[in-house]
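Remarks on the structure that follows.
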Amino acid sequence: MKPLRVGTVLVVDSDSLKLPHLNDWSVHWRGSIVAPVSGEFKFSAATDFRFELIVDDKRIIDRWKDGNRQSGSIRLQAGKFYPIEIKYGHNGGDTFFQLFWEAEGLEKQIIPASAFHFSRADEKLVSYEFRKKVWKKWKRSNIGFRVVMAPLPKTKPIAVQPPFVRQCVKSGGKYVVTAPQQPYFRKRYLLPIPPDNTPPEENYAVGLSPIFRPHNHSPGLIVFPNGDVMAVFFSAIEEDEPEVSLIACRLRFGADQWDMPSPFLDFPDANDVAPLLWNDGDSTFLFWANLHLRGTFPFQWIVTHDNGASWSEVQYPKSVRLVAPYTPQPITSAFRDRNGTMYVACDGLGPTSLLWTSEDNGKTWYDTGGRTGARHTAFVLLKDGTIFGMGGKEANIDGYMPISMSRDRGKNWRITKSEFPALGSNQRPTMIRLQSGRLFLAADFQRSDGFQPPGISRRGAYVALSDDEGKTWRIKPLPGVQLHERPKKRALMRGGTLGYPVARQAPNGMIHLITTMNEPCLHFEFNEAWILSDENPSQDEIMKSTAKKIARVQRFEEYYADGKLKAIWHGGVGDDGRFLLHGNEVWFYPNGKKQWEVTYELGNKIGRETFWDRQGKILWQWEHHRDGSAVWTQFWKNGNKKSESHWKNKRAVGRAQRWNRQGKLILDKVF
C-alpha cells in the first residue's frame with residue numbers, strides 16, 4: 001500500500017520502506033479522530049521504534065517512555081470529534097508504522113484515512129510546541145569543513161601547546177608489571193564536577209574550556225604499555241548537536257588520582273562521538289565517528305606509538321564495502337583473529353550490532369554482513385575462532401540478555417538467551433579476555449526501566465568471570481556503584497548503574513572499569529583475586545588508598561634523544577603491593593625550561609603543582625592539601641590571573657572567580 005499523508009505528517013501504512021542509513025527522525029502530529037460506531041475502542045500499534053498515542057488527553061499507547069504500554073482502550077461516541085496526538089520516532093532501517101483499532105461490531109483494522117481530521121490551528125500549535133521542545137533540541141547542522149582563501153600569514157606560527165593529557169608522558173619501566181597479589185579493590189571519582197553534569201556557565205566559572213559540556217558519555221578506555229590509563233568521552237549538551245567533541249583524562253601509573261580532563265579532539269561543526277580505544281601490539285588506535293554528518297565514513301581513527309603523547313594524522317577507510325544499513329558509531333570492542341584480520345565493532349540500525357573487517361591492516365574495510373541480536377554488543381574472540389558477542393541494549397529473549405555467536409567471521413549469527421538480565425536505554429555491557437585466559441563481563445542487574453526477568457532480584461551492577469569460554473559464569477555484585485544521574489531513571493531503576501561501562505586490563509593484571517550516567521563518572525580498579533574471593537571493602541574504605549608506607553623510594557630519570565634531561569621522579573612499591581609515586585617529580589622542555597613540577601605522597605599530590613609553557617610562563621597552578629581540598633589558579637599569557645577555583649575531592653566548592661586579560665573580574669560564583 002502507498003503511504004498515507006495525514007495533515008502535514010507522513011504516517012506509513014505499509015509493510016516497510018527501504019530508507020538510506022542514518023535516516024533517523026521524529027514526527028509529532030495533532031488533529032482529530034472520528035469513530036464510526038459508539039463503544040469501547042482498543043487501539044494498538046506496530047512500529048519499528050518509538051511511538052505515542054494520546055486520544056482525548058488520555059495516553060493510550062506509550063512506546064516512547066514505557067515500552068510495555070503498546071495498546072490501550074477508550075470509549076468513543078460515533079460522529080464526535082476527539083483530539084488526538086501521535087508521536088513517532090524512527091531509528092533508521094526498515095520503517096513501519098501501523099495504527100489499528102477495534103470495537104464491538106468492528107473487527108481489528110488499520111485506521112482509515114477518513115477517520116483523521118486536521119486544521120491549520122492544529123498545525124500552528126504543533127509547530128510551536130515541537131520547535132520549542134523537540135526541534136530546538138534535535139537541531140543539526142552539517143558543515144564539517146570551511147574553505148578559507150587568503151594570503152598566508154607572514155608571522156611565525158605559535159608553538160603548539162598540546163593538551164596536558166598528552167604531555168609529561170613516561171616511557172615505562174620494570175615496575176609497570178608490579179601489582180598486589182592479594183585481593184584488591186578500589187573506587188575513584190573519574191571526572192570532576194564541573195564539568196560532569198554541570199551547565200556550561202559553571203564550567204566556564206572554574207576556568208574550563210568551552211569544549212567541556214555537562215553530558216560526558218560513551219567512553220573509550222585504554223591502559224598504555226607504560227601503565228597509564230586514559231579515558232576518552234564525548235562531551236555534549238545534546239548528543240546530536242554539532243558542537244559535540246572528545247575530551248580525555250589520564251591516570252598516570254603510580255598516581256592515585258586522575259588528572260583534570262583536557263580537551264582532546266574536535267572536528268569543527270561535526271559531532272565527534274563514540275570513542276573506541278584498542279591496543280594492537282605496540283600501536284594504540286582511537287576509533288570514533290561523526291554520527292550526524294552527512295556523507296560521513298563509518299568511522300575514522302588515529303594511532304599512537306608513544307603512550308598517547310603524540311598521534312598520527314586522521315585516517316579514513318580508503319575503500320568500504322557495505323552490505324546492509326549501519327550506524328557510524330563504534331562500540332567497545334576491536335580485535336584481530338588468528339589470521340590477522342582486524343575487526344571493529346559498530347552499531348547497526350535498531351537493536352543490532354555489526355563488525356567492520358579489514359584484511360590489509362586498515363587500508364580497506366568491509367561489512368561482514370551479519371547482525372547481532374542487540375545494540376552495543378560486546379565482543380571477544382573465543383579460542384576456537386568463534387566470535388562471541390554478549391548482549392547490548394534494546395533487545396531481550398524472555399527478559400534476558402542475548403548472546404550472539406558467529407563461526408563464519410560475522411556473516412551469520414546464532415542468537416540465544418544468556419543468564420544475564422537484558423539492558424535498555426543508557427546501558428551497555430563490556431566484555432574482554434583477561435591475561436589469565438578467562439572472560440570478564442560487567443553490566444547492570446536491572447534494565448533502565450527497572451524491569452528484571454524471573455530469577456533476578458538483586459539490584460545494582462555485577463562483574464563476572466568465565467573459565468569455559470562463556471558457558472558458565474561466576475558473578476559477583478560490584479560494590480560502590482552509584483545511582484543514575486537523572487532522578488526519573490533513578491526512581492525506575494531502584495539500584496546503581498554502570499551506564500555505558502568499558503573495561504581494560506593493565507600490563508600488571510589489574511582490571512580497570514569505568515562508568516557513565518552517574519554523578520560523577522566512576523573508575524573501579526580491582527584484580528581477579530578480588531572477584532574470586534568473598535572479600536568486599538566497607539563503604540568507609542572503598543575510596544581510600546590501602547598503602548601506608550614505602551620501604552624503599554627510588555629515583556628515576558628520563559632523557560631526550562640528544563641526551564638532555566627530560567624528567568626526574570621518585571617512587572617505590574607500597575606495602576599494599578602497588579607501585580606509587582612518592583616525592584618530587586619535575587619535567588623539562590627540550591630548551592631546558594621547566595614544564596611541570598609536582599610532589600607526590602603515596603600516589604597523592606600534595607603541596608604546589610605548577611605547569612609552565614615553553615617560554616617559562618605559568619599556565620596553571622594547584623595548591624593541594626592532605627584533606628583533599630585544593631585551589632586551582634590559571635593565568636593569561638601576560639601573567640594576570642585568568643581564574644581561581646576551590647575544590648574538595650574532585651568537586652568545586654566555595655568561590656570561583658574569572659578575570660579578563662586586563663585583570664577585570666567578569667564572573668564571581670559560589671558553589
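Values for this structure:
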item	result
Relative contact order (percent, whole number), the range 450-489, Cα cutoff 8 Å, 6+ residue spacing	32
Those aspartates and glutamates that a straight Cα-Cα span of less than 18 Å connects to Lys58, excepting residues fewer than 8 apart in one chain	Glu40, Asp66, Glu85, Glu102, Asp122
Candidates per chymotrypsin sites (Phe, Trp or Tyr not before Pro) in the range 543-617, loop by DSSP, up to 13 other Cβ within 10 Å	Tyr560
Antiparallel DSSP beta bridges within the chain, as percent of all bridges there, nearest 5	95
Normalised contact order of the range 274-393, rounded percent, pairs of Cα under 8 Å and 6 or more residues apart	19
Separation of alpha-carbon centers, the range 275-342 and the range 606-645, rounded to whole Å	36
Cα long-axis angle, helix 120-130 against the chain (0 to 90 degrees, to the nearest 10)	20
Computed [θ] at 222 nm, deg cm²/dmol, the chain (DSSP H ≥ 4; -39,500 (n - 2.57); rounded to nearest 500)	-1000 deg cm²/dmol
Qualifying aspartates and glutamates (Cα of each under 12 Å from Cα of Lys471; at least 8 residues distant if same chain)	Glu419
Sequence ranges 234-241, 258-265, ranked by mean other-Cβ count within 10 angstrom, highest first	258-265, 234-241
Cross-link pairs beyond the 24 Å C-alpha cut-off, checked among Lys489/Lys544; Lys174/Lys548; Lys548/Lys650	Lys489/Lys544
Accessible area expressed per residue, the chain, with surrounding protein chains retained (probe 1.4 Å, Å²)	44
Coil-residue trypsin sites (Lys or Arg not before Pro) of the range 414-505, DSSP, other Cβ within 10 Å capped at 11	Lys471
Karplus-derived 3J(HN,Hα), 6.51/-1.76/1.60, for each residue of the range 248-260, Hz, glycine and proline x	8, 9, 10, 9, 6, 4, x, 8, 10, 9, 6, 5, 4
Prolate/oblate/rounded label for the range 234-352 (Cα gyration tensor, a/c 1.5)	oblate
C-alpha center-to-center spacing [the range 343-395, the range 646-671] in angstrom	46
Carbon plus sulfur fraction of accessible area for the chain, probe 1.4 Å, in percent	51
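The values are calculated or read from the model by the stated rules, or taken from the named source; none is laboratory data. Every value quoted in this text rests on a predicted model; they were computed, and no experiment measured them. Here Cβ is always computed from backbone atoms with ideal geometry, including for glycine, and neighbour counts include all displayed protein chains. Please note that ligands, DNA and RNA were not included when accessible areas were found on the heavy atoms of the full protein model with its side chains. Shrake-Rupley method; radii C 1.70, N 1.55, O 1.52, S 1.80 Å.
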